[in-house]
Structures are given as C-alpha cells and as structure tokens.
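Heads up, the thing below is written out as structure tokens.
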Amino acid sequence: MNDHHVPDGEQAGAGSALDRVGAVFMPLMSRRYLRELARYRVLLGSGTRIPPDRAEVLVRWWELLTAVMTGHHRAMSEVFWELLRSKEPEFEGVVATMNLRYGLVGTSRSEAGRDLTRALRAGGSPGSAQLSFIRYHEEMSATSFWEEREIAPRALRCFSADEWRQVESYVLAVQAAEDRLGHVLPWLLDGMPAERSDAVFAAFPPHMVRTYRSEWLPAYERFSARAWPRQGGS
C-alpha cells in the first residue's frame, strides 16, 4: 500500500441511516479526516525520504487539516451538541463526555502535529514522529467510532429533518466563514461516487457548482497532487 491510497474507514450502520436523513457533511468530516490520518501514518511508517519541497507541502496540508477539524469541532459544539442537550436531560452527561474527548484529542493533535512538522522540516525520513502520531490516530479513531455508534443513533431518534438541515448548513458555514470552503468541499467529495456527488450538488445554487468545477476542484487537485503524488511520483 502506498501513501496515496489508504482505506476510507467508513462505518456501516449509523452511516447509512445518517445518509437517509440528509446528514452528509457531518459524518464525512470525521471519515475523511481519519483517511488523512491513516495516509500520514503510512507515510511515517514507510521510511521514505521526503524531498524538502514536498515536505513543506505536507506541512501546509496538515496545518489546513488542523484548521478544518478545529472549526468542525467548534461547529459540532455550537449546534449539534446544543441541539442534543435540548432534547433530554440525560444527554447532558453525553455532551460533557464528548467535550472532554474533544479536549483530549486536541492535546494529542497538538503533540502529533508538532512532531510531524519538526520531522518533515528536518529532512530525511520523518519516522521520529511516528509514536505520537500513532497515539493520536488511535485516539481520534476511538472518538469517531464512539460518535458514530453511540451519539449518532441518539440524534437519529430525536432530531427533526429541519434540525438535521441546520446541522449540515452550520458545518459548512463555519468553514465558509474562515474562507476554507474552496478546499473543504472538494476534499469531502474526493472519491465519492458520481451519482452521490450529483445529489449533493443538487442542493447547491448553480453559481456555487460552477465555482466548484472551474476553480475549487482544480486548485484542490493541484494541491493534493503535490502533497500526495501517485506512486512513482516525487
């Protein structure tokens, strides 16, 4: 397995139920992020020597991922968790637990990102960052699994269609407010079957779809090709 292609890690079960209520971007954020973590982990474990120009692009890719997920966790706290807390008193404990988990993975993310950046910019093989990155990947995987298996079913039982639309809109709005939507949208849709992405685009205004296809997607593909060249590339 090369560092360009790694399993998505998408889960069955709650995922398909979320699709049926129109929750696309909220679960995709975690799934795509786990894919990225797996890709870095493969790279760190490969012993590959990374050229300086690619190393700097990988640092930029990581920094953007970190900003995206920090914003996503904020969006979840401000809308998803507040909606859940408003439904039943018992959800207070669930929300408190999740906020604690976010804090813990945030600390691990900072450590992993620091080690990754230092190793990439030092030249040579970035294997020195492997231990903290593996720990962070495992913690993030466990948190995402817990969200999908324990939290999503609760939300599916009590959220209305309008509330799911509110969550979905806010997830993207947070990224748009920080001028990241041009990267986030093609990143989320990368690898999605054409028929499913067509259904996603049907909900967007035509001018946004045109911008996506003429500007956002080509820029994303150029950035992605520099960070994650196909096997045989530099």
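General observations
- Condition met for Thr70 (surrounded by fewer than 20 Cβ atoms within 10 Å (Cβ to Cβ) and in contact (Cβ under 8 Å) with a residue 60 or more places away in the chain): no
- Scan region 116-145 for residues that are open to solvent by 20 Å² or more (accessible area, probe 1.4 Å) and over 26 Å from Met76 (Cβ atoms) and the total you get is 10.
- Selection count where residues are open to solvent by less than 50 Å² (accessible area, probe 1.4 Å), among the hydrophobic types (A, V, I, L, M, F, W, C) and assigned to a loop (DSSP other than H, G, I, E, B), scope region 171-217: 2
- Condition check for Thr97: modelled with pLDDT under 85, of a type in the set (S, T, N, Q) and open to solvent by less than 70 Å² (accessible area, probe 1.4 Å): yes
- Look at region 201-215: where a residue is among the small types (Gly, Ala, Ser), no partner that is surrounded by 11 or more Cβ atoms within 10 Å (Cβ to Cβ) and modelled with pLDDT of 90 or more sits 6+ places away or on another chain with Cβ atoms under 8 Å.
- In region 154-170, the residues that are part of a helix (DSSP H, G or I) and open to solvent by less than 40 Å² (accessible area, probe 1.4 Å): Ala155, Cys158, Glu163, Trp164, Val167, Glu168
The values are calculated or read from the model by the stated rules, or taken from the named source; none is laboratory data. The structure presented is a predicted model; accordingly, all values stated were derived computationally and were not measured. Every residue, glycine among them, receives a Cβ derived from its backbone with ideal geometry; neighbour counts consider all protein chains shown. For the accessible areas, the whole protein counts, side chains as well, though only heavy atoms, and no ligand, DNA or RNA atoms are used. Shrake-Rupley method; radii C 1.70, N 1.55, O 1.52, S 1.80 Å.
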